[in-house]
Structure formats: structure tokens, C-alpha cells
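Some notes on the structure that comes next.
Every number in this text was worked out from the coordinates using simple rules, so none of it is lab data. Computed from a predicted structure; not experimentally measured. Cβ coordinates were reconstructed from backbone atoms using ideal geometry, including for glycine residues, and neighbour counts include every protein chain displayed.
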Ligand code: PGA
């Protein structure tokens, strides 16, 4: 069975609730005919307005992070049940900016992915190498290690539900996109790693996105590659015409 593409916006720390409402109003009519699953991942404070406004549309809403505990004394954190209560369906886990600036490790990423799966929220689990790692020739080892650690103790049925986002750190917000061939090579490597960890059906089912300066002009080529099942889009997801071009890459 062909994998359905998934195009997700990662708004990062952008848009106040009222600005979010404006952008969502613009987005609804221009992404409605997409053949992909369309997701917007917004700051926590925008989730309420986002879930409310997108009811009955083809836009699903995701958070950009969550905690792995049920509830309790974790000031400033957000639990899975809080997201579920609003109707949030996706959560980005382990984005490189969270690993770099907020001390997330493969261990905490794994805990969060497991909690999201337990709760029925689809994790968009991020991995990717730095430029130094790529130049030192350890990109493949690094990616394989991240996938193995981040997917630890997750069974094959659950693994199929995970969306993996391959985001080379050197391509995020830099305007430097990986070439479609570079992106395809690593997405294929990730699928191969999943096959080793689980089996061929799991590897065939799991969806792997590319992220890192994906935009209206390069999306179609990236999305034409056999192992690239979608995109995680930062900058270009904040402009309705650009995000619409990506969600309609095949039109
Ligand atoms: P970018 O960000 O599209 O602005 O490069 C992608 C991401 O970090 O998810």
C-alpha cells in the first residue's frame, strides 16, 4: 500500500494567538484539496485557537513538545492528556532545537515518544546530523544510533504509527536544503534501520519526512523521492501561499 504523504508545519516560537487565528483563516481554503495529511504544529499557547478553528477541516493540529509524565510538579511543562483534551493529534518530539537549547537527549526523546504512543498522539520524531558529523563521515552512524535509541522499547505495531522527520541540522533555517538525492539517501537509510530493528512491513509502513529549508520551489522534487513521505516545514509554513504550494506539490 502506498504511504500517504504528510506535510507538517512547525511554527516554532512564532505567532501570538491572534496572529495564529489570522494565519489559520488564510490556510483553511488553500490547503483543503491537498492529497497529503496536513498538520500545523503550533506553540502551546496557540493550540486552543488552532484546534477550535480547524474543526471540520482537513488540517490536524500538533504540539511542538510535551512531557512524558502524566501530571505533577513539572512547572512549565505540558502533559499528553492536556493536548488530547484540546483535540491535538500530533506532537513534534526531539527537534534539534530542543536537543540543542533545552538539553533533550535520546533518553528523554524516547520517553516522550513512548508516552505519545500510549496516549494515541502521533509523534513526529526528529533526527538529523550536524555539518561536523557529515564532514567527519559519521552521519550514517549518528542517524542509526538516534533511531535505535529513540525507538527503544517500542513494538512494531506502535512503530508503524511514528512519523520520523529527517532534518539535517545544517539545513534548518539556513536556506541550505539538502539536495533531493542527499535527503533520499538518508531517508532510505532510516527505513533500512527500521527494517533491521523490526521487519520489512514495519519499514514499508512508517512515514519519513524531510525537513530543513523545504519551500514552495524545492518541495515537489524532494517529495518525488521514493523514501520521502512528507515534509516538516519551518519558515515556509508561516506564509499561507508558500505552505499551500507545498501541500499541493503534485498539482
Ligand atoms: P526550516 O525549519 O524549514 O525553517 O528550515 C524546519 C524545521 O526545523 O522543522
Potential extension, residue 221-residue 33 segment - 0.36 nm per residue separation minus Cα distance: 65.7 nm
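Apply the Kirkwood formula to the range 42-99: the hydrodynamic radius equals the inverse of the mean of 1/r over all pairs of different alpha-carbon atoms; give it in Å with one decimal. Don't jump to the answer; show the numbers that get you there.
Numbers: mean 1/r = 0.0832 Å⁻¹.
The answer is 12.0 Å.
Give the value in nm², to one decimal: projected area of the alpha carbon convex hull of the range 103-181, averaged over all directions. Could you put the intermediate results ahead of the total?
Numbers: hull surface 24.4 nm².
Averaged projected hull area, Cα only: 6.1 nm².
On a full-extension model of 0.36 nm per residue, what is the gain between residue 138 and residue 82, subtracting their alpha-carbon distance, rounded to one decimal in nm? Present the calculation step by step, with values, prior to reporting the outcome.
Values: separation 56, 0.36 × 56 = 20.16 nm, distance 3.89 nm.
Full-extension gain reported as 16.3 nm.
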nm² value of the averaged projected area, convex hull over the Cα atoms of the range 67-131: 4.6 nm²
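Hey, what's the per residue convex hull volume over the C-alpha atoms of the range 141-189, in cubic angstrom? Present the calculation step by step, with values, prior to reporting the outcome.
Values: hull volume 4.4 nm³, N = 49.
Given the Cα convex hull of the range 141-189, per-residue volume reads 91 Å³.
Figure the gain on full extension for residue 55 and residue 107 (residue separation times 0.36 nm, minus the Cα-Cα span) and round it to one decimal in nm. Walk me through the numbers before you get to the answer.
Numbers: separation 52, 0.36 × 52 = 18.72 nm, distance 3.43 nm.
Gain on extension, residue 55 to residue 107, equals 15.3 nm.
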For the range 200-251, the spread of Cα positions along each principal axis, largest first, Å: 38, 21, 13
Base-10 log of normalised Debye intensity for the range 6-247 (one unit scatterer per alpha-carbon) at q = 0.07, 0.16, 0.17, 0.18 Å⁻¹: -0.20, -1.16, -1.32, -1.48
Cα Rg over Rh - the range 26-65, Kirkwood: 0.95
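Find the relative contact order for the range 170-234 and round it to a whole percent, using C-alpha pairs within less than 8 Å whose residues are 6+ positions apart.
Numbers: 87 pairs, mean separation 26.2, N = 65.
Rounded, it is 40 percent for the range 170-234.
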Spatial separation of Cα centroids for the range 14-91 and the range 199-250, in angstrom: 19 Å
Projected label distance in nm at residue 4 and residue 149, using a 7 Å step from Cα toward the beta-carbon: 3.3 nm
Contact order normalised by residue count of the range 6-247, Cα under 8 Å, 6+ apart, percent: 20 percent
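Sorted by packing (mean other beta-carbon atoms within 10 Å per residue), highest first, where do 199-206, 236-243 land?
Top of the packing list down: 236-243, 199-206.
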Directionally averaged shadow of the range 4-134, computed from the convex hull of its alpha-carbon atoms, nm²: 9.1 nm²
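Arranged by the count of other C-beta atoms within 10 angstrom, fewest first, what order do 247, 57, 108 take?
Placing the least packed residue first, the sequence is 57, 108, 247.
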Cα-based equivalent ellipsoid of the range 109-251: semi-axis lengths in Å, sorted from largest, via gyration tensor: 24, 18, 14
